[in-house]
Amino acid sequence: HREAATEQMKMNPRTLSVLLLLAGRFVWHLTVSVVLKVLWAVFLLLLAGLVFAKRHREAATEQMKMNPWTLSVLLLLAGPLGADPDWHVEYPDSFCVVEGSTATIPCSFTHPKVHKVTGAVLRVRRVVWCHNHEFCQRHVYFGYDSSNVRADSRFLYLGDLVRNCTLNITKTVKEDAATYRFRLKTNAEGYAGPKGVIVNVTNGEDVKVRSSVTDNVVKEGGQVTLTCTSACSFHQLDVHWYRNGHALSETGPALHLSNLTNDDTGNYTCSLDSSGQKTSAPWSLVVLEDEEEKSGWRVTVSVVSVLLAVFLLLAGLVFTKRHREAATEQMKMNPWTLSVLLLLAGPLGADPGWYLEYPDSFCVVEGSTATIPCSFTRPAVLRVNRVVWCANHGMCQGTTPNVYDSSNVRADSRFLYLGDLVGNCTLKIIKTEKQDAGTYRFLFKTNGVGYTGPKGIVVTVTNGEDVKVRSSVTDHVVKEGGQVTLTCTSACSFHQLDVHWYRNGHALSETGPALHLSCLTNNNAGDYTCSLDSSGQKPSAAWSLVVLEDEDGEVVKVRSSVTDNVVKEGGQVTLTCTSACSFHQLDVHWYRNGHALSETGPALHLSNLTNDNAGDYTCSLNSSGQNTSAPWSLVVLEDEGFHRSVHLKVAVVKGVVLAVLLLLLAGVVFAKCEANPSQEEKENRQHHALHHGNHQVDGPVESWRTTQGIHHGWSGH
């Protein structure tokens, strides 16, 4: 059957494809080395090409175009060799959010423009976010599915169908903690990111309030800065502040209190969500009275009160004694007398319907923005139809040049009115100049009369030279792994200004009056300055930070479960990342020979060791690779017995596979031959059937002779 079997292999490409596929996949899984896999794939491709091209060049070309079996074999062989580089999903490895607050997970994706096989243009038709599933398919709970959007869902998709896949989770609950993945589906195929973003939901109990002062007692007129800290990152959360359980208007990680009075005394807490249900432990502030200033005010008030009482008593006696009736009538009819009495009574009280409130003074750094808070009231029967701000004038009337006038608003003015005609009269001055220093007053006019506050607000413009950096430590030297808080202070109030920080003249991403540095390394050493405007041209004097190296020079260390760095093949070892820094909320990232590993966490377990596991292992407390430990070298010692056992197993498996393939091939060939016998066999069977009835078969010899006779007889014909 040699020629028949050969002909069968040539004529049936489907059988050959199946056999090649089986052989290729078996050997592929048995081969460990990538190089051997590539060589094996190339060999199979060449073999298939030679067989098809030898007798059927044109037919084989057409068959490859039309035959899905051939295309399947080639795609399966080529699949493991590479992946489409145009499919990509990018999001952070982990994300931390406080329960009850909002989490916004940044995400972006790319996909090929056209399909690699059909050439069709790919367009995204559907986007899906799921959690705790590797592929976001089938019966999976979808946090978000663009094909089935729920109006009451807490998962909001902020992205699009082009590149952005950002997800927003509102009112987070404990059950939201999971590994989230994003999947996009086009008009031809879909793709899910191989890694997910781990979302941790904390209860906010680790939130703390830190202070810029060492004691809780501060004198009247002093200042203090409170900073809200947490092990959970909250760069996307507003920090809310409370005094004695009542919410304050200020938000942000730092609360600056200046010109302290007894009203500022109380228990201060902060929360990372607006509900205020999970606040930090309270930090108590006690404002100590200034006895000298208080006694001086008491004396002044007492003297004025006595003089005023004597004046009123004498005036009453004079008018009562000589002009009882006349004085009464005169007071009713004479407007001059009434004016005098009103003038005398003026200092004692004002019309409660007319009122204007703004701070006595306000300080701003040159070149920055000043927002002057202001509010007013007037009798309810009157309506305001014009508002005016002026500088360095007592009444804001006449020919006074106004910085703002609602009846004549200039589009190019640096003075912007942020108020209204009801009760808000806030003024904003942008790009302040030295010439803007002065006393500002507000005037509002109604349909009857106008009113100007008796006092003005003194605006001072400074050049920022008095800005200073204060530290939470007494010395400039801090050990590696330690922490320090720097506070930007100034005689000028800057609660409405952003404070910008710099190290060695380079701007830092952190803003606000307090800069908290933790888990210090030598990279944090340098000269720190702060500025009250974003230009950084007028920074404070430099505060130098020196980070003292740890005794063994390592802040982060790798410890091993074995005493020696040498482990035999097939063995195991556990590496642990330790540090003086707290990292209970941080993922530990592992590296071998400088290349990141997929495993994260404080412990790395390596089992069934081979020579591929050998190398220098390091760990880092963040994904950027900073704060990296010194390398720990692993040497895997070759085990001869282990190798012989592995080689023997591989040889046995290969022999069994080869035998099975040969049996399959032989069975297929013989089955085909039985189903389609050759012409010669058909003739032999026909002759045998014709003469079988005339001959008595007594044994093997007679049967042979009969057969020979038949053959000779036919040959004679």
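The values are calculated or read from the model by the stated rules, or taken from the named source; none is laboratory data. Note that the coordinates shown come from a computational prediction; the quantities given were computed from them, not determined experimentally. Neighbour counts run over all protein chains shown; Cβ positions are idealised from the backbone, glycine included. The protein model used for the area step is the full one, side chains on, heavy atoms only, and it has no ligands, DNA or RNA in it. Shrake-Rupley method; radii C 1.70, N 1.55, O 1.52, S 1.80 Å.
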With the checklist (1) of a type in the set (Asp, Glu); (2) modelled with pLDDT under 75; (3) open to solvent by 80 Å² or more (accessible area, probe 1.4 Å) in hand, flag the one item Asp639 doesn't pass. (3)
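Right, Leu634: surrounded by 11 or more Cβ atoms within 10 Å (Cβ to Cβ), in a helix (DSSP H, G or I) and at pLDDT 85 or above or not?
Values: surrounded by 11 or more Cβ atoms within 10 Å (Cβ to Cβ): yes; in a helix (DSSP H, G or I): no; at pLDDT 85 or above: yes.
The answer is no for Leu634.
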Candidates Tyr242, Tyr157, filtered to the one that is without any contact (Cβ under 8 Å) to a residue 60 or more places away in the chain, of a type in the set (Phe, Trp, Tyr) and open to solvent by 30 Å² or more (accessible area, probe 1.4 Å): Tyr157
Sole miss for Pro379 among (1) closer than 14 Å to Thr446 by Cα; (2) touching a helix residue (DSSP H, G or I) at 6+ places or on another chain (Cβ under 7 Å); (3) not aliphatic (A, V, I, L, M) is condition (2)
What residue, of Glu189, Glu175, Glu134, Glu205, is surrounded by 12 or more Cβ atoms within 10 Å (Cβ to Cβ), of a type outside the set (Phe, Trp, Tyr) and at pLDDT 85 or above? Glu189
Subset of the stretch 173-205 (residues that are assigned to a strand (DSSP E or B) and basic (Lys, Arg)): Arg181, Arg183, Lys185
Just checking, how many residues over the stretch 254-274 are of a type in the set (Ser, Thr, Tyr), over 27 Å from the mean Cα position of the chain (by Cα) and either within 9 Å of Val224 (Cβ to Cβ) or not in a loop (DSSP other than H, G, I, E, B) (or both)? 2
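Out of the residues in the stretch 446-462 meeting the condition of being in a loop (DSSP other than H, G, I, E, B) and surrounded by 15 or more Cβ atoms within 10 Å (Cβ to Cβ), tell me which one is modelled with the lowest pLDDT. Quick ask: steps written out before the conclusion?
Initially, the stretch 446-462 is screened for residues in a loop (DSSP other than H, G, I, E, B), giving 447-449, 453-456.
Imposing the further condition that a residue be surrounded by 15 or more Cβ atoms within 10 Å (Cβ to Cβ) reduces the set to 453, 456.
On the way: Gly453: 77, Gly456: 87.
Among residues in the stretch 446-462 that are in a loop (DSSP other than H, G, I, E, B) and surrounded by 15 or more Cβ atoms within 10 Å (Cβ to Cβ), the one modelled with the lowest pLDDT is Gly453.
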Candidates Glu480, Glu465, Glu554, filtered to the one that is crowded, with 20+ Cβ neighbours inside 10 Å and at pLDDT below 90: Glu480
Residue count, the stretch 502-523, condition within 25 Å of Thr628 (Cβ to Cβ), part of a strand (DSSP E or B) and in contact with an Asp or Glu (Cβ under 6 Å, 6 or more places away or on another chain), comes to 0
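Looking only at the stretch 137-154, count how many residues are hydrophobic (A, V, I, L, M, F, W, C) and surrounded by 19 or more Cβ atoms within 10 Å (Cβ to Cβ). Step through it out loud before you land on a result.
Quick first cut of the stretch 137-154, residues hydrophobic (A, V, I, L, M, F, W, C) only: 140, 142, 149, 151.
With surrounded by 19 or more Cβ atoms within 10 Å (Cβ to Cβ) added as a condition, the list becomes none.
Matching residues across the stretch 137-154 total 0.
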Looking only at the stretch 402-432, which residues are assigned to a strand (DSSP E or B) and either open to solvent by less than 60 Å² (accessible area, probe 1.4 Å) or at positive phi (or both)? Asn402, Val403, Tyr404, Asp405, Phe415, Tyr417, Asn424, Leu427, Ile429
Can you run down the residue pairs with Cβ atoms below 9 Å, 6 or more apart or on separate chains, where the first is in the stretch 425-452 and more than 14 Å from Ser375 (Cα to Cα) and the partner is assigned to a strand (DSSP E or B) and of a type in the set (Lys, Arg)? Lys445/Arg386; Thr446/Arg386; Gly450/Arg386
Scan of the stretch 605-628 for residues that are modelled with pLDDT under 85, surrounded by 16 or more Cβ atoms within 10 Å (Cβ to Cβ) and outside any strand (DSSP E or B), ordered by number: Leu621, Asn627
Residues within the stretch 206-227 that are closer than 17 Å to Lys468 by Cβ, part of a strand (DSSP E or B) and not hydroxyl-bearing (Ser, Thr, Tyr), tallied: 1
